[in-house]
Structures are given as structure tokens and as C-alpha cells.
Amino acid sequence: MDVGIGQQLLTGFAVALTPGNLFFAFLGVTLGTLIGVLPGIGPAGAIALLLPFTFGMEVTPAIILLAGVYYGGMYGGSTTSILVNIPGEVASVVTTFDGYQMARRGRAGPALAIAAIGSFVAGTFSVIALSLVAPPVALAALSFGPPEYFSLALLGLFAAAYLSGRSILKGVTMVILGLMLSAVGVDIITGGTRFTFGLIELSGGVDVVPVLMGLFGVSEIMFTLEKPLRMEVLQTRFKLRDLWPSGEDFRASAAPIGRGSVLGFMIGILPGAGAMVSSFLSYALEKKLSKHPEKFGTGAIEGVAGPESANNAATGGAMIPLLVLGVPYSVITAIMLSALITHGVPPSPTLMTRAPEFFWGVVASMYIGNAMCLILNLPLVGMWAQLLLIPYSRLAPLILLFSVIGVYGANSRVFDLWLMIMAGVLGYLLRKAGYSPAPLVLALVLGRIMENALRQSLLISQGSPLIFIERPISAALFLMSLVILAIPAMRWLSRRSAPALQGMEE
Amino acid sequence: MRRMDQISSAVGLAVALLYLLEASKLPLWKGTTFGSGLFPTILGTGLAAVSLLSLLRASIDRTSIPLPEGLVPPRRGMVNLACVIGSLAAYALVVELLGFMLSTFALMAFLLIALEPAKKRSGLVLAGTVVAIAYVLFVMLLKLQVPRGIIG
């Protein structure tokens, strides 16, 4: 490891090991594990919920807290997947395939243990990789100008649109809606107001927090409450010796954990992908490489080890575009970008040199947080399993309570409550119609950055849009965006022409 | 699903046209630089184009992508949804008049009882307990500003 990075990490540990930051790391991973265990609200909703409460904190403990919720949620999600066959959060969907089957065969303990151990190994790997990869990426990104930032943001939004569902047209619609919302308020460059319709509350723009709470909190609760939620928990009491996997389990899981760690970290860096995509890809990879692929879906431990490692490793990868480039590629990191901007620490390639104690403090806290997660999730898994017995009819009002307190408490405005309610209804209707709200949120957060980059680029080029393809990095990113748009179009055309070709052959 | 796609695309097109109408009031140029109307005009045009494509596709494509969930929830589900949205709207209307404690207690009590009607007493007790804890945690410890309302 480079001596420079080593010294900076030591500085980071000095920051992370202060009592205050240790407390917030512990609080974050505990809340994250809790949120991950309980179905009904995922890490994105939880981070949105906590966001207004962090405004009164210093930036380092605030981000340590939010990051803890992020990767803590990945640990917790596996508990519900394995014990109840309901994913605690989206990235743990894959764990239901084999984890629940293992629990049905009386092997819930080893499934939970391997999920926790794999998550710890992968989480630690991803933080080490983050420490090593971030400095050279930051160096390369110093040459980025407005055209590169515009193209980078465009790539991220198109990738999010592509991966958000089965229709890219719906994904792009959501992106454009999010960008439209971001244009509301005072235009920074000219000082004029746009789309405020005379409402003074909109002059500062559409606040992200109420929209987030509505789209990910209220609408999620509505979706869950519209049908009866029956949860049959297979096991709630665990002895420590029952948890420990056998030698055979460790041998079978070692390679999937290694592969999941690398795959997850790489996928996490990519735009739009994130923990869910990495866990699905890991599952597909392990099934492909397995000598007994027919065992997948019936309780193969590799089907738990690989995906759970991948979804945790993705959290470290996702931090690179956020902290080093200042362009978040997922909803969760987009929310964290809001937090960073609110605290006056906008991320950029110079963040490591501008605020090294903050950057390395957060990285170091992720090492510590991963260790805390292992302790929380292994010997204390029985405690989390007990929480699954709480009926959702009791949880939902509590979540709504925290939502209204958080939304009102941020700016003391009833208008924000109405915004949250409207966003909640909109989010519910959008999901009913097959639209995913995730690209909308990403676009809302990135919108101002994109618009400023666009206008600055056109200013530099004196109005010529060719600037985006004349600069090599911008051109490459722009081309990748077009490829992402072209893939579904080509697939659709080939589907339509296939029957015609078949007719001709006959 | 095709019908749903047609409707949502038509709504998207309407939104795009209204947006473009509003954006036309903003300047495209401001001196020697692009004005505040540039980005909205691009977005409105983009949304109109995407909505038209979606409408076209929904109208001519025989292969239909299935909806992820059932469209209309069961009766009990619709009652639950109405309770959630109705109680939140009522909360927004009265919170600054009645104050944090009263209105939050009413919200919690209503939701806990509406979602689990068989457990009214425990719902009331839980509502009172939670509101008290929330007041201590958020108002007294975290110094969050909340409306005092009629109880002062």
C-alpha cells in the first residue's frame, strides 16, 4: 500500500476513533441493520428520513451516520430474506432464492452466518479498494471540465433509466420529470424565477427531502398496506453454536465470497447499477460456475455467499463517483450528495486534498462500521429476528411519524408536508403504472449540476454543442450514453422483425 | 397494460406541452449567454418526444409488458390507503393550529386504530407513549422547532 495512503488512513482512523464518531458509526449501522431487517422501508427511505436530523450536526459524523445506515442496511436485509422469504431491502431479493430454502431445511443459522461473514469480508475489501482506487481516480478527474461533468451526469441518468425497469422510455420519462423539478426556483445564473407560480416556498426550488420521503417512504407504506402482509417467521431463537457454518460450508462459500467482493465493487462504481444489480449478477455467475447448478434455488450456500458479498462490496464502489467525482450514480448516494452540499462540503476531485480529515475519516469509519456490523449481525441475530414479529400495522404509523417530524422539522413549513403527501401519491401511482421513481430522484439531485455544466460548456464553446464530442473523455461518455439508449431500441426492432423474417423463410 | 401505457403517455405529453408553454415565457438568451429558458425548453421538447414515442409504441406494439402488481387493491387495502393519505392531509391542515403534541397524538392514534381496529386501547396507549418519547427526543434533546399551537 502506498505510504501516502497509509498515512492518510491513519489520520482517518484518528478522526473515526473519536468517541463521537464511534457513537455515530454504531448508531448508523444499528439503524441500518434495523431498517434492513424490517420490510417496508429500505436504506434509501431511511437515509432520507435521517437527512433532516443531520443538518444540525458536523459534516463528518453526519456522513458517518448516513454511510453506516447504507451498508448496515445491506447486512440487515439478509435476515428477513432468509427467515421470512421477504427481502428486507431490494438488494437482498436474490438471497430469498436459496437462503429461505436453507432455513426451511433447518439451516437458517449457517445461512445467516455466511451472509454476515461474506458481507464483512466484502465490505472490508471494498473499503480497501476504495482507499486505493480513489486517489488515482481523483487525479484523473482533475482534468474534467463542464463538458465532462455534463456527459458523466447524462451517462448516469441514462444508465439509471435503462436499469430501472423493463421500459427505457418510462425510465427516460422519469429522468426528464426529475430534471424538470430541479429547474423550479431561482435561476442561479440570471437570478430570475422559474415555474414558481407565485409561490414563495418554491423560490428556493423543490426541496429534495419531502420528495424523497414521499416517493420512498409514504408510497412504500401505501404499497405495503394495500394488501395484507402475512409474515411467517421460520425461526426467532438462535444458539451461538447453531449459527456456525461447517467446514464444508466455508469451503463452498470462500470462492463465491471472493468473486462477489470483486464483482460487487466494480458494479458499484458503474452508473445506475448499485447493490441490487451486483447481487443478481453474482448469483448468475455462481450458478454458471457451479458444478451443480441444479442445486441453486433449493438451498445452495453459494447462492447466499456470493450475492450477499456483492451487495455489500457495491457500497464501497458507489462511494467513488460520489466522493471523488461529485456525481452520484445511485439514489442513496444522491441523497448523501444532498447532505454534503447542505453541510457546505460539495464533493469533487479536490475533496481529498481540500478536506482530507473528512474524506479519510469517512473511509476509516467504514472499516470500523463493517466490524460493528459483523458483531451486530452474528451473535445478535436472534434479537433482530424477534423484531420481525412486530406487526406492520404498528410499524407503518411509526415510520410515518418520523417522516412528518423529519420533513416539518427541516424547514418548519407545512408546505413541505403537502409536498411529501403529493410525492407519496405520485410515487404510488407511478409504480402502479410501471414507472420507477429512482431515476426521478437521481435527476432531481443532479439537475442543477447538469444545467450549470451545460450552460458553462456552451459558454466556453460560444454556443456550439460540438464541445461535448470534441473533448475525448466527454465524447467517450457521450457515446456510452447513446449506446445505452440504442440497446433497447435495437432489441425492440429485432423482436418486431423476427416474425417477419420467420415468415419469409417459410 | 397497453391502455395504462397509452393513458400515462398522453398525460406525459400534456405535461410536456404545459411545461413548454411556461418555458416559452423565459428568455432563451440573456445578453451574450444562454438564458434561463434553455434547459426547460430542451426538457419539455424531450418529454414531448418520449411521450409521443411511448404513445406510439403502446398503440402499435402487440407484445405487452405485464404490470408488476394488481391495479386495483382489495377493499380493505383501499381503506388503508385512504386512512394514510387522509390522516396525513388532516395533520398538515391542523398541525400549526393545534400544535405538535395534540396533532401528532391524533395522527398516531388514528392510524394505529384504523390499521388494527381490534386493538383500540393498546393503540391509544402506544400513541401516547410514542408522542411523549418523540417530544423528548426531537424537541427537548435535538431542539427541533415544532408548532406549539393552542396548548402553548
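Can you give me the angle between helix A:3-16 and the longest principal axis of chain A, using Cα atoms only, in degrees from 0 to 90, rounded to the nearest 10? With both axes taken from Cα atoms, the answer is about 80 degrees.
Across the range A:176-190, coupling constants 3J(HN,Hα) worked out from phi with the 6.51/-1.76/1.60 Karplus curve, θ = phi - 60°, read 5, 4, x, 5, 4, 5, 5, 7, 6, x, 7, 6, 5, 7, 9 Hz, and Gly and Pro carry x.
When the helices of chain A are scored as -39500 (n - 2.57) per DSSP H run of n ≥ 4 and the total is divided over every residue, the value at 222 nm lands at -23500 deg cm²/dmol. Distances between placed amide hydrogens fall under 5 Å for B:L142 paired with no residue 5 or more residues away or on another chain.
What does the charge add up to near A:V209, with Lys and Arg as +1, Asp and Glu as -1, over the other residues with Cβ less than 15 Å from its Cβ?
Spelling it out: positives minus negatives among the neighbours equals -2.
Rolling a 1.4 Å probe over the protein chains gives B:F34 an accessible area of about 30 Å². Pairing chain A with chain B buries about 5600 Å² of accessible area. This figure sums both sides and uses a 1.4 Å probe. Annotation: per residue accessible area for the range A:100-168 equals 33 Å², rounded to a whole number [probe 1.4 Å, protein chains only]. Taking the Cα of A:A140, stepping 7 Å toward and past its beta carbon, and measuring to each backbone N in the range A:303-329: which are under 16 Å? The answer is A:317-327. From the alpha carbon centroid of the range A:52-83 to that of the range A:18-51 is 3 Å.
Rounded to the nearest 10 degrees, the angle from helix A:274-289 to the longest Cα principal axis of chain A is 50 degrees. Between the Cα long axis of helix A:247-269 and the first principal axis of chain A there is an angle of about 0°, rounded to the nearest 10. Taking R0 as 45 Å, what's the FRET efficiency between A:I469 and A:A371 from their Cβ-Cβ distance, rounded to 0.05? Plugging the Cβ-Cβ distance into 1/(1 + (r/R0)^6) gives 0.45. Separation of the alpha carbons by more than 30 angstrom is noted, of A:K432/B:K143; A:K170/B:K25; A:K432/B:K120, for A:K432/B:K143; A:K432/B:K120.
Residues of the range A:60-96 falling in the label zone of B:L142, defined by backbone nitrogen less than 17 Å from a point 7 Å along Cα to beta-carbon, are A:60-70. The Cα-based radius of gyration and maximum Cα-Cα distance (Dmax) for the protein assembly as shown are 24.7, 84 Å. Stretching A:R491 away from A:F415 to a fully extended chain increases their span by 22.9 nm, per 0.36 nm per residue minus the current alpha-carbon distance. Net length available on complete extension from B:L93 to B:S24 is 21.3 nm, with 0.36 nm assigned per residue and the Cα-Cα distance removed. Across the range A:341-357, rounded Karplus estimates of 3J(HN,Hα) from the backbone phi angles (6.51 cos²θ - 1.76 cosθ + 1.60, θ = phi - 60°) give 5, 4, 7, x, 10, x, x, 6, x, 8, 4, 5, 8, 6, 9, x, 5 Hz, Gly and Pro being marked x. Computed over chain A, relative contact order equals 28 percent, with contacts defined as Cα pairs under 8 Å that lie 6+ residues apart.
Summing charges over all other residues whose Cβ lies under 12 Å from the Cβ of A:L281, with Lys and Arg as +1 and Asp and Glu as -1, gives +2. Heavy-atom accessible surface of A:L398, to the nearest 10 Å², is about 50 Å², with a 1.4 Å probe and all protein chains retained.
For the pair B:A49 and A:T350, a Förster radius of 35 Å applied to the C-beta separation gives a FRET efficiency near 0.40, rounded to the nearest 0.05.
The values are calculated or read from the model by the stated rules, or taken from the named source; none is laboratory data. Please read all numbers here as calculations on a predicted model, not as lab measurements. Note that each Cβ is placed from the backbone with ideal geometry, even for glycine, and that neighbours are counted across all protein chains shown. Accessible surface is based on the protein model in full, side chains and every heavy atom, while ligands, DNA and RNA are left aside. Shrake-Rupley method; radii C 1.70, N 1.55, O 1.52, S 1.80 Å.
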